[in-house]
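Chemist: Let me give you the structure first, and then I'll get to my questions.
The values are calculated or read from the model by the stated rules, or taken from the named source; none is laboratory data. Just so you know, these numbers come straight off a predicted model, no measurement behind them. Note: ideal-geometry Cβ built from the backbone for every residue, glycine included; neighbour counts use all protein chains shown. Side chains are part of the model used for accessible areas, which takes the heavy atoms of the whole protein and leaves out ligands, DNA and RNA. Shrake-Rupley method; radii C 1.70, N 1.55, O 1.52, S 1.80 Å.
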Amino acid sequence: MSGKLVVQTDLPTGRISRHIYGHFAEHLGRCVYEGIWVGEDSPIPNTKGIRNDVLEALKRLNIPVLRWPGGCFADEYHWKDGIGPRESRKRMVNTHWGGVVENNHFGTHEFLMLCEMLGCEPYISGNVGSGTVQEMQEWVEYMTFGGESPMADLRRRNGREEPWRVKYFGVGNENWGCGGNMRPEYYADVYRQYQTYVRNYGDNKIYKIACGASDFNYRWTEVLMREAGRFMDGLSLHYYTLPGTWSEKGAATGFTEREWFVTLKKALRMDELLANHAAIMDRYDPEKRVGLIVDEWGTWYDVEPGTNPGFLYQQNTQRDALAAAVTLDIFHRHCDRVHMANIAQTVNVLQAMVLTEGARMLVTPTYHVFEMFKVHQDAEALTLHLQSPDYELGGEAIPQFSASASKDASGRIHISLSNLHHEAAGDVAIDLRGWSGGAPKITGRILTASEPDAHNTFEKPDAVRPEAFEGARWSGAGLTVALPPMSVAVLTLEG
Ligand code: AHR
């Protein structure tokens, strides 16, 4: 089946904030501990406690922003437990995630050092559910105040003279659930109170993010925008893609064709969600000052057999690559309102970039999509019209193809194209409107697989990886692109 794509190369719709390519690392399972932090004395090669292999892999993604310490963990986290000499930090129970010991060795200094190593911006999630206004105020003072004050002096005594720059600060997480089971009216007031004390010190200007809705809870967005919109810079949204239900989500590998299809169908619902939440925000904020911050998204399956159910460890297959690609295409389309997104989570948890086992590490199909798509970061999104044939299964249909396009600062055009079908190849004819450069120089890469659940293992870490793509032909009037089934391609055109 063939599709048609018109790309208006001279009609930008807005900038794709690089922060849409953000990440999220929670104190959950083996994400922070083992996955990122191994400690300075570990036999695993590390730099100041951060494992080198993971650091190098993450650097290749140009991670723009990293959210921490949660998630649900954030509303139980007391930041003062994680500063000072590591050997005397409090050992506590991570009650939310697996009931394991949290030794607090990875705290504020370690996180902000990680962000410096990655060259990314920190996004701190503050504790509203079980923390005080004073605790939140003092955390911001500790991190960002350059003068003389109790918290700035404490920071200096802990070895950091200069304040850090911290722009993104979340005032609570999922306060409708694990963050305090609040009603939107109540949280809106609590938000207004807490954010008052999240101060700008010197020229550090904080971008305040209020806790937003879970998937289709439009009432939450309505109330928050109405009651607290003028006190926030961003409002979050969480949406997870589960092929099944919360009690039986479905396996990460060995799934059926139907589960493949349903997963992608549900991932595509991000479009409807963003349109509807944005429409509510438009009523209160027509200038689009407040960003929609999708600070948790991704696939969520049953944990791998034999692993701690509280650790949310799952494999990552070509299905996840497709789910990531279609979601990023959707974010590009909504880049006027979506200022940031953070996939859950960076290492060893949910739809991870990286999996580790002892000293071994692999990168996942989702990692490859983020690496291929990074060309869109901060580029201008281009207007496009996609006519896609249906991909039908069991009487239901979704579009077979997904696409987005952008123009970068040097005038190169980047087109992402995915074929969602589990067994049918397809061609897409691309009409490049406004392109006057003659036959473009075309380069491209493709990520595809022979099985829907193809994935990388510690024995075969490169089973799924991108390859050079030769399937795009210039015909004078445009391009024809031949896409194999289950594939994600990114093309770059230069005049
Ligand atoms: O990402 C895992 C969990 O999902 C987060 O801790 C929470 O915010 C969400 O429910």
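Chemist: Pull up the cross-link candidates among the lysines for LYS90, meaning alpha carbon to alpha carbon under 19 Å and not fewer than 8 places away within one chain.
Modeler: Leaving aside lysines fewer than 8 places away in the same chain, those within reach of LYS90 are LYS80.
Chemist: Continuing with the same structure: Can you pull the accessible area of ASP302 for me, 1.4 Å probe, Å² to the nearest 10?
Modeler: 60
Chemist: Out of LEU112, ASN52, GLY14, whose Cα points farthest toward the positive end of the dipole of segment 6-112 (charges: +1 Lys, Arg; -1 Asp, Glu; placed on Cβ)?
Modeler: GLY14
Chemist: Using the Cα centre of segment 175-311 as the reference point, and only Cβ charges (+1 on K/R, -1 on D/E), how large is the resulting charge dipole? Debye, rounded to the nearest 20. Each step should come with its number before you reach the end.
Modeler: Details: 16 positive and 19 negative charges, 83 e Å.
My answer is approximately 400 debye.
Chemist: A further question follows. Do any GluC sites (Glu not before Pro) in segment 280-375 lie in a loop, going by DSSP, with at most 12 other beta-carbon atoms within 10 Å of their beta carbon, and if so which?
Modeler: Here the GluC sites (Glu not before Pro) that fit, given the DSSP loop and packing criteria, are GLU287.
Chemist: Just how large is the dipole of segment 341-414 about the Cα centre, in debye to the nearest 20, putting +1 at every Lys and Arg Cβ and -1 at every Asp and Glu Cβ?
Modeler: Rounded to the nearest 20 debye, it is 280 debye.
Chemist: Taking +1 at the Cβ of each Lys and Arg and -1 at the Cβ of each Asp and Glu, which of PHE24, PRO43, THR95 sits farthest along the dipole of segment 1-127 towards its positive end, judged by Cα position relative to the Cα centre?
Modeler: Most positive-ward Cα: PHE24.
Chemist: If one takes the longest principal axis of the Cα atoms in the chain, at what angle in degrees, from 0 to 90 and to the nearest 10, does the Cα axis of helix 218-228 lie?
Modeler: On a 0 to 90 degree scale, this one is about 50.
Chemist: Where the only charges are on Cβ atoms (+1 Lys, Arg; -1 Asp, Glu), what is the dipole of segment 57-195 about its Cα centre, to the nearest 20 debye?
Modeler: Details: 16 positive and 18 negative charges, 77 e Å.
Value, rounded to 20: 380 debye.
Chemist: Specify which residue in the list THR196, GLN314, GLN400 is farthest towards the positive end of the charge dipole of the chain, using unit charges on the beta carbon of Lys, Arg (+1) and Asp, Glu (-1), about the Cα centre.
Modeler: Among THR196, GLN314, GLN400, the one farthest towards the positive end of the dipole of the chain is THR196.
Chemist: Using only Cα atoms, find the angle between the long axis of helix 318-333 and the longest principal axis of the chain, and express it within 0 to 90 degrees, rounded to the nearest 10.
Modeler: Here the helix axis deviates by roughly 80 degrees.
Chemist: Quick one: order ASP295, ASP271 from most to least accessible surface, probe 1.4 Å. Could the numbers behind the result be given before it?
Modeler: Values: ASP295 5, ASP271 55 Å².
The ordering from most to least exposed comes out as ASP271, ASP295.
Chemist: Related question: Give the cross-link partners of LYS167 among the lysines, using a straight C-alpha distance below 17 Å as the criterion and excluding same-chain residues fewer than 8 apart.
Modeler: Leaving aside lysines fewer than 8 places away in the same chain, those within reach of LYS167 are LYS205, LYS208.
Chemist: Separate question: Show ASP378, ASP462 ordered by accessible area, largest first, where the area counts protein heavy atoms only and the probe is 1.4 Å. Can you show the working numbers first?
Modeler: Details: ASP378 60, ASP462 90 Å².
Reading off the accessible areas and sorting them downward yields ASP462, ASP378.
Chemist: Also, I was wondering about something else. If you check each cysteine of the chain for another cysteine whose beta-carbon is under 4.7 Å away, which ones come up empty?
Modeler: Isolated Cys, the chain: CYS31, CYS115, CYS120, CYS211, CYS335.
Chemist: More than 37 angstrom separation, counting every C-alpha pair in the chain; what % is that?
Modeler: Details: 32585 of 122265 pairs.
Value for the chain (Cα pairs over 37 Å): 27 percent.
Chemist: For segment 1-89, state which GluC sites (Glu not before Pro) are in a DSSP loop and have at most 14 other beta carbons lying within 10 Å of their beta carbon.
Modeler: Values: sites: GLU26, GLU34, GLU40, GLU56, GLU76, GLU87; in loops: GLU26, GLU34, GLU40.
For GluC sites (Glu not before Pro) across segment 1-89 that sit outside H, G, I, E and B with at most 14 neighbouring Cβ atoms in 10 Å, the list reads GLU40.
Chemist: While we're here: Within straight cross-link reach of LYS266, meaning Cα distance under 16 Å, which aspartates and glutamates are found once same-chain residues fewer than 8 apart are removed?
Modeler: ASP215, GLU248, GLU257, GLU296, ASP320, ASP329, ASP390, GLU392, GLU396
Chemist: For segment 423-458 and segment 232-299, what is the separation of their C-alpha centers, rounded to whole Å?
Modeler: 25
Chemist: Then there's this: Counting heavy atoms of the protein chains only and a 1.4 Å probe, report the per residue accessible area for segment 336-399 as a whole number of Å². Intermediate values should be presented prior to the final figure.
Modeler: Working: 1870 Å² over 64 residues.
Value for segment 336-399: 29 Å² per residue.
Chemist: Enter the angle in degrees (range 0 to 90, nearest 10) between the Cα long axis of helix 133-144 and the first principal axis of the Cα atoms of the chain, meaning the one along which they spread out most.
Modeler: The answer is roughly 70 degrees.
Chemist: With a 1.4 Å probe and all protein chains kept in place, how do SER125, SER475, SER130 rank by accessible area, largest first?
Modeler: Values: SER125 0, SER475 85, SER130 60 Å².
Greatest to least solvent exposure: SER475, SER130, SER125.
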